[in-house]
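> Following this message is one structure expressed as structure tokens.
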Amino acid sequence: MEVVSPKAHGGSGEGKEHEEDGENLAAWLLGIQTLKIQPYHLPSLGPHDVKVRIKALGICGSDIHHFKTMRCANFIVKKPMVIGHECAGIIEEVGSQVKSLAVGDRVALEPGISCRQCNLCKDGRYNLCPEMKFFGSPPTNGSLANKVVHPANLCFKLPDNVSLEEGAMCEPLSVGVHACRRANVGPETNVLIMGAGPIGLVTLLAARAFGAPRIVIVDVDECRLSIAKNLGADETIQVSTNIQDVGEEVVKIQNAMGSGIDVSFDCVGFDKTTSTALNATRSGGKVCLIGLAKSEMTAPLTPAAAREVDVVGIFRYRNTWPLCIEFLKTGKIDVKPLITHRFGFTQQEVEDAFETSARGGSAIKVMFNL
Ligand SMILES: [Zn+2]
Ligand SMILES: [Zn+2]
């Protein structure tokens, strides 16, 4: 199963291809804070699949959860798993039925394979598919590997002026784009963002691209707020971690906005950030819950419910890659300032990269160049 028969490859250079198959390496999560580069035998290439040589991969908050605790929400790592999911690369081989892509194409990969059969899939809400197989979410292997096999219809060709690193950034950016779609952000939507980490920042970029005229962003970390300011936030507000300050901070936030807050995105998911969002949002507005810090959230819902504030849940994204690529191609969104650290793909660098990302602080997006 590891080695595809020479006939399946066609063309010249089959022998070489064989050798390379044997050498495919991946970063395996073996235990808490234990990543090892080891061989990864790929599944065989189906007629609708492509083989992609991964060139850029970003570390996500969920990868860090897996790395630190072997779990993320209800997903538990029970056996060794290849980590990583935010990636882009170059097509190296295409399945017999693939017409849309060719060897040498540069592509960004959407990480989740849905069943396409269930009611949610048929309804177009495939991100909610219960059978979803998602890179680096147990038990599905991820994509921090030299090569992966993936369905062609989840690989999106990058224009010449969009780099592979930017292609990998389509994954986190997709979360912001999906959230803005769910909240109907447009040119008349004043937006509050709780949290200036990677997801808060991509939500900021997406909200601006969707036309939001005024965006206020809130965090405890001064350094992250200054990044948000540089990325175009109209106002930044530093807050405490003390829940008793909610009332006072809500007034500050509302004053900074200057008019009603139509949509609030909670990109953190602590009781305090959710409370702040629920209280700060105008009557009839929306609160989108993007960050889910723990399995049970406690926030006073009654006052918000009585003001008809809608609470909207967000899970990953759907059908976002084409729009993300369009935003990057036209320069409407620049994700490059989010990439703060770069590492190669060696055992030492994999360890250093995950430690850097886990430390947080000035590290926004930690990227591998493979
Ligand atoms: Zn991610
Ligand atoms: Zn499904």
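The values are calculated or read from the model by the stated rules, or taken from the named source; none is laboratory data. Computed from a predicted structure; not experimentally measured. Glycine gets a Cβ as well: all are built from the backbone with ideal geometry, and neighbour counts include every protein chain shown.
> Being of a type in the set (Ser, Thr, Tyr) and either closer than 30 Å to residue 30 by Cβ or in contact with a Gly (Cβ under 8 Å, 6 or more places away or on another chain) (or both) narrows it down to one residue among 330, 340, 320; which is it?
340
> Now for a separate question. Scanning for something within 21 Å of residue 176 (Cα to Cα) and surrounded by 21 or more Cβ atoms within 10 Å (Cβ to Cβ), does region 356-363 turn up at least one residue?
Checked region 356-363: at least one residue is within 21 Å of residue 176 (Cα to Cα) and surrounded by 21 or more Cβ atoms within 10 Å (Cβ to Cβ).
> Now for a separate question. Can you confirm whether residue 211 is farther than 21 Å from residue 357 by Cα and either among the acidic types (Asp, Glu) or touching a Gly at 6+ places or on another chain (Cβ under 7 Å) (or both)?
yes
> Okay, next question. Residue pairs, Cβ under 6 Å, 6 or more apart or interchain, first in region 123-135 and under 10 Å from residue 112 (Cα atoms), second charged (D, E, K, R). List them.
From residues that are under 10 Å from residue 112 (Cα atoms), the pairs are 126/318; 127/316; 127/318.
Listed here are the residues, each with its yes/no results for (1) over 28 Å from residue 291 (Cβ atoms); (2) away from ligand 2 (no atom under 16 Å from the Cβ); (3) of a type in the set (Asp, Glu).
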{"site": "25", "(1), (2), (3)": "yes, yes, no"}
{"site": "29", "(1), (2), (3)": "no, yes, no"}
{"site": "32", "(1), (2), (3)": "no, yes, no"}
{"site": "35", "(1), (2), (3)": "no, yes, no"}
{"site": "40", "(1), (2), (3)": "yes, yes, no"}
{"site": "48", "(1), (2), (3)": "yes, yes, no"}
{"site": "56", "(1), (2), (3)": "no, yes, no"}
{"site": "63", "(1), (2), (3)": "no, yes, yes"}
{"site": "66", "(1), (2), (3)": "no, yes, no"}
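> Hey, another quick one. If you check 86, 110, 131, which single one turns out to be in contact with a Gly (Cβ under 9 Å, 6 or more places away or on another chain) and at pLDDT 95 or above?
After applying the criteria, what remains is 86.
> While we're here: I'd like the residue in region 268-287 that is within 25 Å of the chain's Cα centre (by Cα) and of a type in the set (Val, Ile, Thr) and, out of all such residues, is nearest to residue 187 (Cα to Cα).
That would be 287.
> Inspect all residues belonging to region 138-147 and state whether any of them is touching a residue at least 40 places away in the same chain (Cβ under 8 Å), within 16 Å of ligand 1 (Cβ to nearest atom) and surrounded by fewer than 21 Cβ atoms within 10 Å (Cβ to Cβ).
The answer is yes, given that some residue of region 138-147 is touching a residue at least 40 places away in the same chain (Cβ under 8 Å), within 16 Å of ligand 1 (Cβ to nearest atom) and surrounded by fewer than 21 Cβ atoms within 10 Å (Cβ to Cβ).
> Give the number of residues within region 222-267 that are more than 27 Å from residue 186 (Cα to Cα) and in contact (Cβ under 8 Å) with a residue 40 or more places away in the chain.
1
> Sticking with this one: Just a yes or no: is a residue in region 121-132 surrounded by 15 or more Cβ atoms within 10 Å (Cβ to Cβ), of a type in the set (Phe, Trp, Tyr) and away from ligand 2 (no atom under 16 Å from the Cβ)?
no
> Of all the residues that make up region 172-210, how many are of a type in the set (S, T, N, Q) and closer than 18 Å to residue 111 by Cα?
Qualifying residue count, region 172-210: 1.
> Whether any residue in region 357-368 is over 25 Å from residue 64 (Cα atoms) and modelled with pLDDT of 95 or more is what I want to check.
No.
> Out of the residues in region 243-273 that are among the polar types (S, T, N, Q) and buried (at least 21 other Cβ atoms within 10 Å of the Cβ), which is modelled with the lowest pLDDT?
Once the filter is applied, the top-ranked residue is 273.
> Take residue 270 and decide whether it is of a type in the set (A, V, I, L, M, F, W, C) and touching a helix residue (DSSP H, G or I) at 6+ places or on another chain (Cβ under 8 Å).
no
> Do you know which of the residues in region 99-119 that are over 17 Å from residue 53 (Cα atoms) and crowded, with 18+ Cβ neighbours inside 10 Å is nearest to ligand 2 (Cβ to nearest atom)?
Per the stated criteria, the residue is 114.
> A further question on this structure: If a residue has to be over 18 Å from residue 360 (Cβ atoms) and either surrounded by 17 or more Cβ atoms within 10 Å (Cβ to Cβ) or touching an Asp or Glu at 6+ places or on another chain (Cβ under 8 Å) (or both) to count, how many in region 227-239 make the cut?
Going through region 227-239 one residue at a time, the tally reaches 4.
> OK, next. Identify, by number, the condition in (1) away from ligand 1 (no atom under 16 Å from the Cβ); (2) crowded, with 20+ Cβ neighbours inside 10 Å; (3) within 23 Å of residue 173 (Cα to Cα) that residue 93 doesn't meet.
(3)
> Would you mention how many residues in region 71-90 are under 16 Å from the mean Cα position of the chain (by Cα) and crowded, with 20+ Cβ neighbours inside 10 Å?
7
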